[in-house]
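J.: Take a look at the following structure, please.
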Amino acid sequence: MLPEPGQLMWRYLDLWKFKDLLTTSSIYFSRADKFTKDPLEGKFAPDYTAPLSPSDAAFYEAYNMPLPDPVSKEASHESIRRCTFISCWHMAEQESQRMWNSYTESPESVVIRTTGNALLRFVNEERIVILKSCVRYQSNVVPRTELTHLSLFLFKPIECDFECEFRMIRPMALDGTESVTLNDPVDFGRSVPIRLGKIVKHVITHPKANQDTKNKVSSLLKSYLPKVTRWDSSLS
């Protein structure tokens, strides 16, 4: 499922992350197994004990394929989590105090606002395919359907539905040109190049940002995106 082209998209960032985005002209995609807020990221629903969802089971039956071993299947999915990188965006028509509270650490932070069209048209210059989709929220007693090896990343627990999340998912290149070292901080994510002006449409400072923070943001924009001006929060 994809958002409407005119849908407003928001990305809440601490100021240091925003500065990194500007200075590197790239979006940071976090590795799925490093999502500390959701330990179920890319996993099957824990309250659903069957090794396959009904649709998955039907697929194996239709093609007369042997069912996968549950232990090896779990190990396979853990490997996929360590090689999958995700950028998360909030879909809404206005700012959210709950999102500020959940995804920034202090008033020294900003939210980037863009549109669904800008993200849908975004192409990874590295030519690695990026999956784009809205997230589906459901109870942990409902199975998470595995249509592809990345589809489990499009499900989250129902209690997270306030996030109204749109995701861009970048898998690791499978042509042998890329590898991941699990405990190396360099491999905790991937920076994907962007054209700043195509993605960053508006920048809004935290509702409790002081003047020093506002000045820092304005200065960064003047240096890297002179056509974009800083806005005060509507929640101030």
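J.: Taking only protein heavy atoms and a 1.4 Å probe, what accessible area per residue, in Å², does segment 84-159 have with all protein chains in place?
T.: For segment 84-159, the solvent-accessible area averages 47 Å² per residue.
J.: Turning to a different aspect of this structure: Only helical DSSP H runs with n ≥ 4 go in: add -39500 (n - 2.57) per run for the chain, normalise by residue count and round the 222 nm mean residue ellipticity to 500 deg cm²/dmol.
T.: Value at 222 nm, helices only: -7000 deg cm²/dmol.
J.: Something else about it: Taking 19 Å as the cut-off for C-alpha to C-alpha distance, list the pairs among 34/214; 17/201; 156/201; 132/222; 19/227; 37/198 that go past it.
T.: The pairs that break the limit, which is 19 Å between Cα atoms, are 34/214; 156/201; 132/222; 37/198.
J.: Give the long-range amide H neighbours of residue 26: residues separated by 5 or more places, or on another chain, with amide H under 5 Å away, using H modelled in the peptide plane at 1.01 Å from N.
T.: Counting only residues 5 or more places away or on other chains, the set is 194.
J.: Ignoring any ligand, DNA or RNA, what whole percent of the accessible area of the chain comes from carbon and sulfur when the probe is 1.4 angstrom?
T.: Summing carbon and sulfur atoms, their accessible area is 54 percent of the total for the chain.
J.: Apply 1/(1 + (r/R0)^6) to the Cβ-Cβ distance of residue 218 and residue 105, taking R0 = 25 Å, and write down the FRET efficiency to the nearest 0.05.
T.: Here the calculated transfer efficiency is 0.75.
J.: Over 10 Å intervals from 0, what percent of Cα-Cα pairs in the chain sits in each interval?
T.: Pairs per bin, as whole percents: 7, 29, 34, 20, 7, 2, 0.
J.: Distance between the C-alpha centers of segment 209-226 and segment 102-132? Whole Å please.
T.: 20 Å
J.: Cα axis of helix 15-24 to longest principal axis of the chain: angle in degrees, 0 to 90, nearest 10?
T.: Compared with the principal axis, the helix lies near 90 degrees.
J.: Would you work out the charge dipole size for the chain about its Cα centre, treating the Cβ of every Lys and Arg as +1 and the Cβ of every Asp and Glu as -1, and quote it to the nearest 20 debye?
T.: With Lys and Arg at +1 and Asp and Glu at -1, about 1100 debye.
J.: Here's another thing I want to ask about it. Can you order the peptides 4-16, 214-226 by their average number of other Cβ atoms within 10 Å per residue, highest first?
T.: Highest to lowest by the protection proxy: 4-16, 214-226.
J.: Rounded to the nearest whole Å², what accessible area per residue is found for segment 185-236 with the 1.4 Å probe?
T.: On a per-residue basis, segment 185-236 sits at 59 Å².
The values are calculated or read from the model by the stated rules, or taken from the named source; none is laboratory data. Predicted model only: the values in this text are computed from it and were never measured. Ideal geometry is used to build each Cβ from the backbone, glycine not excepted, and the neighbour counts take in all protein chains shown. Accessible surface is based on the protein model in full, side chains and every heavy atom, while ligands, DNA and RNA are left aside. Shrake-Rupley method; radii C 1.70, N 1.55, O 1.52, S 1.80 Å.
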